[in-house]
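Colleague: Provided herewith is a single structure, encoded as structure tokens, for subsequent inquiry.
Read the figures in this text as sums done on the coordinates, not as results from a lab. If you're wondering where the values come from, they're calculated on a predicted model, not measured in any experiment. Using ideal geometry, Cβ is built from the backbone for each residue, glycine included, and neighbour counts are taken over all protein chains shown.
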Ligand SMILES: Cc1cc2nc3c(=O)[nH]c(=O)nc-3n(C[C@H](O)[C@H](O)[C@H](O)COP(=O)(O)OP(=O)(O)OC[C@H]3O[C@@H](n4cnc5c(N)ncnc54)[C@H](O)[C@@H]3O)c2cc1C
């Protein structure tokens, strides 16, 4: 019998398990799939190294700084700028010219932001630098759209810059997401990079799992907690433990723990999905190392990124890999999505779209959970429905790598009675 069973080998579960094991507890991790990392994973496909979807890590995430060895991950920063696609296919580069000089000419002429918007952006950055990012996260909350308009930003900048930039990140085209989260992410961007390990995002869970025993391809179907111990029912049989941490995706955690014990603090808060089309090409079609964002309100493309230009080791020699992410999970077959995506990419690539070879279409039902204004008031804590049960999941904090790692730290701290860690504010 293990002291502790952790259900789910995502970042939250791995972080909790490693912390407990280092504190001398006997820990076993059970994972439904054949891979580590949950939503953060990488696979090989026809010689290409592809992350699931498209994601990056903010190097200024405090929990990532505590938990990860950045040097060993060989992090490659993305350029702190983006190419915005405007009407008629016009491309505007917007970014931080202090760190990407190449963005400067485009940045000065970009019509997405008026001169007043640029001055306000400078004022906002200066203001955000006066406090640690988590202070903004836990500060007043209103819809981001409302906050930006009250701050004085033009409606045009909301549509042409903030929606593709921030809405694309939190999968919310209406910008109704909590303004504290907007300020938090903006603060992190000013303080660090968005980076990806050279070998792919799965280097992150691999590093966390180095010392752990993870039993893969084991689906937990039910958990029975009693005073004397916990029985975990899986498709491979039943296991006993003193304590169980549920570290699955939120909808599954809600089922395993039962929502009934704290209905005012729901674990399942809904799901925002996203879709990714991965295209291979056997030659470089253009040079564009920046992330492309779609600023057209009716387009179905969200972001576009040429992976091979920034990560040459992840594509066969001379090849490139384009990832096109779509808003939500549109109806239609793979062929329908491919046709629509190529039609939108044609504005940028012209007839070169015909050279794109569709490798894979990926629909991810739970990419993040919605985080509207005030959402943090009802977040669940680490306590489960029984004193022997705990929750480790992004859903206790914020939907992202910081939230997952932080929740793993806190679930372990709750078991170890580490009040210092438990007292850390959300996002710190
Ligand atoms: C496409 C995409 C892009 C993203 N972009 C970013 C980004 O740029 N920056 C950022 O910070 N965050 C991003 N995120 C969010 C981030 O990946 C998540 O917030 C984080 O990984 C959540 O970790 P978790 O451990 O809480 O949950 P999960 O990663 O969902 O892990 C849960 C684990 O539990 C396992 N499991 C589920 N059910 C069972 C069961 N019954 N039995 C056993 N095991 C089970 C699952 O297989 C999984 O391994 C993105 C997510 C996606 C999908």
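Colleague: Using R₀ = 22 Å, calculate the FRET efficiency as 1/(1 + (r/R₀)^6) where r is the Cβ-Cβ separation of residue 91 and residue 173; round to 0.05.
Modeller: 0.60
Colleague: Tell me, how many Å apart are the Cα centres for the range 373-389 and for the range 252-277?
Modeller: 11
Colleague: Contact order normalised by length for the range 112-192, with contacts defined as Cα pairs under 8 Å and 6 or more residues apart; what percent is it? Spell out each step's value before the answer.
Modeller: Working: 81 pairs, mean separation 36.0, N = 81.
Relative contact order for the range 112-192 comes out at 44 percent.
Colleague: Here is a further query. What is the extension gain from residue 118 to residue 343, computed as 0.36 nm multiplied by their sequence separation minus the C-alpha to C-alpha distance, in nm to one decimal?
Modeller: Values: separation 225, 0.36 × 225 = 81.00 nm, distance 3.25 nm.
Value of the extension gain: 77.8 nm.
Colleague: How would the range 112-192 be classified by its alpha-carbon gyration tensor: rounded, prolate or oblate, with rounded meaning a/c under 1.5 and the a/b versus b/c comparison settling the rest? It would help to have the intermediate numbers written out before the result.
Modeller: Values: a/c = 1.58, a/b = 1.18, b/c = 1.34.
Oblate shape, in that a/c is at least 1.5 and b/c is the bigger or equal ratio.
Colleague: Another question, then. Could you state the angle between the C-alpha long axis of helix 115-128 and the longest principal axis of the C-alpha atoms of the chain, as a value from 0 to 90 degrees rounded to the nearest 10?
Modeller: The two axes meet at around 30 degrees.
Colleague: Kindly express, to the nearest 10 degrees and within the range 0 to 90, the angle between helix 179-191's C-alpha long axis and the longest C-alpha principal axis of the chain.
Modeller: Once rounded, one gets 70 degrees.
Colleague: On to the next question. How would you classify the range 46-138 from its alpha-carbon gyration tensor, with a ≥ b ≥ c the square roots of the eigenvalues: rounded for a/c under 1.5, else prolate if a/b is greater than b/c, otherwise oblate? Display every interim value, and only then the final one.
Modeller: Working: a/c = 2.33, a/b = 1.21, b/c = 1.93.
Oblate is the answer for the range 46-138, as a/c is 1.5 or above yet b/c matches or exceeds a/b.
Colleague: OK, next. By the gyration tensor of its Cα atoms, with a ≥ b ≥ c the square roots of the eigenvalues, what is the shape of the range 165-264: rounded for a/c under 1.5, prolate for a/b over b/c, or oblate?
Modeller: Details: a/c = 2.85, a/b = 1.59, b/c = 1.79.
Judged from the Cα gyration tensor, the range 165-264 comes out oblate (a/c at least 1.5, b/c at or above a/b).
Colleague: Please work out the FRET efficiency for the pair residue 282 and residue 419, using the Cβ-Cβ distance as r and a Förster radius of 45 Å; give the result to the nearest 0.05.
Modeller: Working from the Cβ atoms, E equals 0.20.
Colleague: Ok, one more. Please work out how much length the chain gains when fully extended from residue 217 to residue 298, using 0.36 nm per residue of separation minus the C-alpha to C-alpha distance, in nm with one decimal. Intermediate values should be presented prior to the final figure.
Modeller: Values: separation 81, 0.36 × 81 = 29.16 nm, distance 4.06 nm.
Residue separation times 0.36 nm, minus the Cα-Cα distance, leaves 25.1 nm.
Colleague: Consider a paramagnetic label point 7 Å from the Cα of residue 317 along Cα→Cβ; state which residues of the range 279-293 have an amide N under 13 Å from it.
Modeller: Of the residues in the range 279-293, none has backbone N under 13 Å from the label point off residue 317.
Colleague: Antiparallel as a % of all DSSP beta bridges within the chain, to the nearest 5?
Modeller: Around 75 percent antiparallel, to the nearest 5.
Colleague: Could you give the distance between the Cα centres of the range 222-240 and the range 16-91, to the whole Å?
Modeller: After rounding, the separation between the Cα centres reads 31 Å.
Colleague: Another question, if that's okay. What number, rounded to the nearest 500 deg cm²/dmol, is the helix-based mean residue ellipticity at 222 nm of the chain, given -39500 (n - 2.57) per DSSP H run of at least four residues and division by all its residues? Each step should come with its number before you reach the end.
Modeller: Details: 14 runs with 123 residues, N = 428.
Here the helix-only value at 222 nm equals -8000 deg cm²/dmol.
Colleague: In nm, to one decimal, how far is the residue 358 label point from the residue 236 one, both placed 7 Å along Cα→Cβ?
Modeller: 3.7
Colleague: Under a crude label model (7 Å from the Cα following the beta-carbon direction), how far is residue 264 from residue 334 in nanometres?
Modeller: 4.9
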